[in-house]
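> Have a look at this one.
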Amino acid sequence: MKAIRINEFGGPEVMRIEVMPDLQAGPGQVVVRLKAIGVNPVDTYIRAGSYPGFQAPLTPGLDGAGIVEAIGDGVTRVRPGDRVYTGGTLSGTYAEQTLCTESQVHPLPELVSFAEGACMGVPYATAYRALFQLALARGGETVLVHGATGGVGNAAVQLARAAGMKVLGTGGTDRGRKLAMESGAHRMFNHQAPGYLEEIMSLTGGNGVDVILEMLSNVNLGKDLKIMARNGRVVVIGCRGTVELDPRDAMINDITILGMSLFNTPERELTAIHAGLVAGLEKGILRPFIGREMPLGDAPQSHIAIMESGAYGKIILIP
């Protein structure tokens, strides 16, 4: 099979296509023939060597969708020929095949494309965990998604709206803000425009927002605390540097700041997440948006594109 390999950590150019042996399923394992591969910001951190727990050489990638090609002894939940998406992998997904544990593969409904399925693993699972398992967001609350135009943000908008929340979001481009509105946001704000935080406070009647999902906390976290309601919760999902904040802003309204990494999610909670996501796909509630499709060999260019400002949907690699 063909696979993108990283033999040493570094810039996007360290990713190169190599021919690797076909994968074999051991006990409790599943081999998936990939039809689409999801690209995530965390992939760029892993490739650069700045994310703990990974060692080169490796095949990057966590998300993908395709057809079960082989199963190992003891596997009962899937069989060869099943359509699935991955929620994690043992071997990496930037390849024609990926090796997963049985618990890492999830059914992909017939009406959902492989490209859409490749959006589910990291973005939708992250949004679900942040909203429901960490922030404990409830119907009727006001949620602000900072960065609602990217993969995680767009997923969070859909999930929050489906759960009966009032959904506000920010985005840097007209095209991205339009996408978020079509995905279910009640109002969108340009985070580059002066006074947008005051607009948000005014929209809440001066009460502030109950939950913030923060994709760029090094820029926004200090300001987030000033627009939150009493007992508000902010979940730090993305960060590209340090931030200065005034702890008194958290003290005044009993605000909770929650950090999260999807890699820390217990198995039982991952099972609950993907059960909810599969149900959302089956009912047509969740509609992953593909911003761009690229061939597998363009993996280096995909890592440049995903870190540019003006995020718009999900980048997909096609093997």
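> How many of the residues making up the range 156-180 are farther than 18 Å from Gly276 by Cα and either surrounded by fewer than 17 Cβ atoms within 10 Å (Cβ to Cβ) or small (Gly, Ala, Ser) (or both)? If you could, list the steps in order and put the result at the bottom.
Step one: filter the range 156-180 for residues farther than 18 Å from Gly276 by Cα, giving 166-180.
Add one more test, that the residue is either surrounded by fewer than 17 Cβ atoms within 10 Å (Cβ to Cβ) or small (Gly, Ala, Ser) (or both), and what stays is 169, 171-176, 178, 180.
Within the range 156-180, residues that are farther than 18 Å from Gly276 by Cα and either surrounded by fewer than 17 Cβ atoms within 10 Å (Cβ to Cβ) or small (Gly, Ala, Ser) (or both) number 9.
> For Arg5, indicate whether it is under 30 Å from Tyr312 (Cβ atoms), assigned to a strand (DSSP E or B) and touching an Asp or Glu at 6+ places or on another chain (Cβ under 6 Å). Write out each step before concluding.
Working: under 30 Å from Tyr312 (Cβ atoms): yes; assigned to a strand (DSSP E or B): yes; touching an Asp or Glu at 6+ places or on another chain (Cβ under 6 Å): yes.
It is true that Arg5 is under 30 Å from Tyr312 (Cβ atoms), assigned to a strand (DSSP E or B) and touching an Asp or Glu at 6+ places or on another chain (Cβ under 6 Å).
> Among (1) part of a helix (DSSP H, G or I); (2) in contact with a Phe, Trp or Tyr (Cβ under 7 Å, 6 or more places away or on another chain); (3) not basic (Lys, Arg), there is one condition Leu270 misses while meeting the rest; what is its number?
Result: Leu270 fails condition (2) only.
> Further question: What's the number of the only condition in (1) part of a strand (DSSP E or B); (2) in the same structural domain as Asn218 (by TED's automatic domain parsing); (3) surrounded by fewer than 22 Cβ atoms within 10 Å (Cβ to Cβ) that Ile67 fails to meet?
That leaves (2) as the condition not met.
> Something else now. Go through Ala36, Ala56 for me and flag whichever is within 22 Å of Val84 (Cα to Cα) and either in contact with a strand residue (DSSP E or B) (Cβ under 8 Å, 6 or more places away or on another chain) or aromatic (Phe, Trp, Tyr) (or both). It would help to see each step written out before you state the result.
Values: Ala56 fails: within 22 Å of Val84 (Cα to Cα).
Going through Ala36, Ala56 in turn, the sole match is Ala36.
Yes/no matrix, rows are residues, columns are (1) touching a Lys or Arg at 6+ places or on another chain (Cβ under 6 Å); (2) outside the structural domain of Phe114 (by TED's automatic domain parsing); (3) surrounded by 15 or more Cβ atoms within 10 Å (Cβ to Cβ); (4) on the phi < 0 side of the Ramachandran plot:
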| position | (1), (2), (3), (4) |
| --- | --- |
| Leu216 | no, yes, yes, yes |
| Asp224 | no, yes, yes, yes |
| Met228 | no, yes, yes, yes |
| Gly232 | no, yes, yes, yes |
| Asp246 | no, yes, no, yes |
| Asp249 | yes, yes, yes, yes |
| Ile255 | no, yes, yes, yes |
| Met294 | no, no, yes, yes |
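> If the Cβ limit is 6 Å and pairs must be 6+ apart or interchain, which residue in the range 229-257 that is closer than 30 Å to Met307 by Cα pairs with which residue that is polar (S, T, N, Q) and surrounded by fewer than 17 Cβ atoms within 10 Å (Cβ to Cβ)?
Cβ pairs passing all conditions: Arg233/Thr256; Cys239/Asn218; Arg240/Asn218; Gly241/Asn218; Val243/Asn218.
> Further question: Among the residues of the range 39-62, is any in contact with a Phe, Trp or Tyr (Cβ under 6 Å, 6 or more places away or on another chain), part of a strand (DSSP E or B) and either within 19 Å of His303 (Cα to Cα) or in the same structural domain as Gln301 (by TED's automatic domain parsing) (or both)?
no
> Oh, and also: Among the residues of the range 176-208, write down those that are within 20 Å of the chain's Cα centre (by Cα), in contact (Cβ under 8 Å) with a residue 24 or more places away in the chain and assigned to a helix (DSSP H, G or I).
Across the range 176-208, the qualifying residues are Gly176, Arg177, Leu179, Ala180, Ser183.
The values are calculated or read from the model by the stated rules, or taken from the named source; none is laboratory data. Everything numeric in this text was worked out from a predicted model, so none of it was measured. Positions of Cβ are generated from backbone atoms using ideal geometry, with glycine treated the same way; all protein chains shown enter the neighbour counts.
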